[in-house]
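Participant: Below is a structure I'd like to ask you about.
Throughout, read-outs are computed from the coordinates displayed, never taken from laboratory work. Everything quoted here is computed from the prediction, not taken from an experiment. Quick reminder, even Gly has a Cβ in these numbers, built from the backbone with ideal geometry, and neighbours come from all protein chains shown.
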């Protein structure tokens, strides 16, 4: 992306005032930031944060804007991590790879496959940056990125120092992490991965095996699995380049065994998966579609007719209108099933 024309180059980072964010979020919400900082050099982060014009203004870190909803203009500083770089360290059967936060996630996955590494194939075509991946603990088709993270490099705003947090200290959970719970403390600057050359493929998730059969693949490799996932994602999920969206907007809910048993007695067709802790994951898409919300449109705000989890902007929907529709869906599911859906993207500027 080209820098804003009004940006001032500070050497390692650029600063713009009253910057539009419409092209910087995949929901295409027309919001603006009082200040925008584009950081190219991670070593300049402390200086960028100490810029005298920023004072005590709130800070929002932004990658590709593929996991965020701005419900109004942001009266603060938006920091865009534009750092680049991949460093490789071979270590026997596994490889340690340090990746700058600003690298595109999908580019890194495709690079890893081209280099002969395994593990990330199920996570291909997920939008966003490498720095955002551990915050959300992105996952798809039975795999989570936390499985391959060795450590996360971050700037600690409280202690004002750079640090490295090993995976054991990142509190990874389902679409969750320490960084998500402490957004005002840590700024991810790089992620260190450990990737193997050989690894058992994850084929059990619904759709992958069937897609490999359609492709005529009998002995799949990591590359074949990646190709199958690309087919599945492009078939199910709308392209942000065609219609504004942030991918899956609602999380699959997890309920206790007693609540799951009640729901399954009343709705035997409800897709569900038992977790190791005996809680049960339910299909949010099924719940939403059963309430009649799939394909719903209110002005330019809508729910995709291709996948019930996806909130879409048909053109000029405001962030507030999109959030209002999301709230209607959540309340409708709760009223019918007694389950409140959580949202995957970060919702900025909304209460509740």
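Participant: What percent do you get for the relative contact order of the chain when only Cα pairs under 8 Å and 6+ apart count? Don't skip to the answer; put the middle values down first.
Facilitator: Details: 706 pairs, mean separation 55.4, N = 352.
Dividing the mean separation by the residue count of the chain yields 16 percent.
Participant: Using the Kirkwood radius over Cα pairs, work out the Stokes-Einstein diffusion coefficient for segment 81-228 at 37 °C and 0.692 mPa s, in µm²/s as a whole number. Provide the component values of the computation, followed by the final result.
Facilitator: On the way: Rh = 15.8 Å.
Calculated translational D: 207 µm²/s.
Participant: Also, I was wondering about something else. For residue 198 and residue 328, calculate 0.36 nm times their separation in residues minus their Cα-Cα distance, and state this gained length in nm to one decimal. The partial results should precede the final answer.
Facilitator: Values: separation 130, 0.36 × 130 = 46.80 nm, distance 4.58 nm.
Full-extension gain reported as 42.2 nm.
Participant: So, one more: Give me the number: length gained by fully extending residue 115 to residue 84, i.e. 0.36 nm times residue separation minus the C-alpha to C-alpha distance, one decimal in nm.
Facilitator: Numbers: separation 31, 0.36 × 31 = 11.16 nm, distance 1.82 nm.
Gain in length upon complete extension: 9.3 nm.
Participant: Is the shape of segment 91-134 rounded, prolate or oblate, going by the alpha carbon gyration tensor and its root eigenvalues a ≥ b ≥ c, with a/c under 1.5 for rounded and a/b larger than b/c for prolate?
Facilitator: Details: a/c = 2.18, a/b = 1.43, b/c = 1.52.
The shape class here is oblate.
Participant: Round to the nearest 0.05 the FRET efficiency obtained for residue 270 and residue 104 when R0 = 41 Å and r is the Cβ-Cβ distance. Working shown, then result.
Facilitator: Values: r = 36 Å, r/R0 = 0.88.
So, using R0 = 41 Å, E works out to roughly 0.70.
Participant: Also, I was wondering about something else. Would you order 195, 39 from fewest to most other beta-carbon atoms within 10 Å of each residue's own beta-carbon?
Facilitator: On the way: 195 19, 39 25.
The order, fewest Cβ neighbours first, is 195, 39.
Participant: Give, to the nearest whole percent, the P(r) tail of segment 263-315 beyond 12 angstrom, counting all Cα pairs. List each step's numbers first, then the result.
Facilitator: Details: 926 of 1378 pairs.
Every Cα pair in segment 263-315 considered, those over 12 Å come to 67 percent.
Participant: Fewest Cβ neighbours within 10 Å first, please rank 161, 185 accordingly.
Facilitator: Details: 161 10, 185 14.
By the 10 Å Cβ count, ascending: 161, 185.
Participant: What spacing in nm lies between the two simple spin-label points modelled at residue 43 and residue 314, each 7 Å away from Cα in the Cβ direction?
Facilitator: Output for this residue pair reads 5.2 nm.
Participant: Okay, next question. For segment 244-348, what is one quarter of the convex hull surface built on the Cα atoms, given in nm²?
Facilitator: In nm², the orientation-averaged hull projection of segment 244-348 is 6.7.
Participant: Shape verdict for segment 7-112, please, from the Cα gyration tensor: rounded (a/c under 1.5), prolate (a/b greater than b/c) or oblate. Mind showing how you got there, number by number?
Facilitator: Working: a/c = 2.88, a/b = 1.61, b/c = 1.79.
Because a/c hits 1.5 or more and a/b fails to exceed b/c, segment 7-112 counts as oblate.
Participant: So what's the projected area for segment 31-80, the Cα convex hull averaged over all directions, in nm²?
Facilitator: Working: hull surface 14.3 nm².
Result: a mean projected hull area of 3.6 nm².
Participant: How many angstrom lie between the Cα centre of segment 309-352 and the Cα centre of segment 163-187?
Facilitator: Between the Cα centre of segment 309-352 and that of segment 163-187, the gap is 25 Å.
Participant: Ok, one more. Along its principal axes, what span do the Cα atoms of segment 187-313 show, with the longest given first and each in whole Å?
Facilitator: 44, 42, 40
Participant: So what is the relative contact order for segment 244-348, in percent, with contacts set as C-alpha pairs under 8 Å and at least six apart?
Facilitator: On the way: 166 pairs, mean separation 32.7, N = 105.
Worked out over segment 244-348, it gives 31 percent.
Participant: Would you please calculate the Kirkwood hydrodynamic radius of the chain over all C-alpha pairs and express it in Å, rounded to one decimal?
Facilitator: Every distinct Cα pair counted, the radius reaches 21.4 Å.
Participant: If you don't mind, there's one more thing I want to ask. Going by C-beta contacts inside 10 Å, put 35, 273 in order with the fewest on the left.
Facilitator: Details: 35 20, 273 13.
In increasing order of surrounding Cβ atoms, one gets 273, 35.
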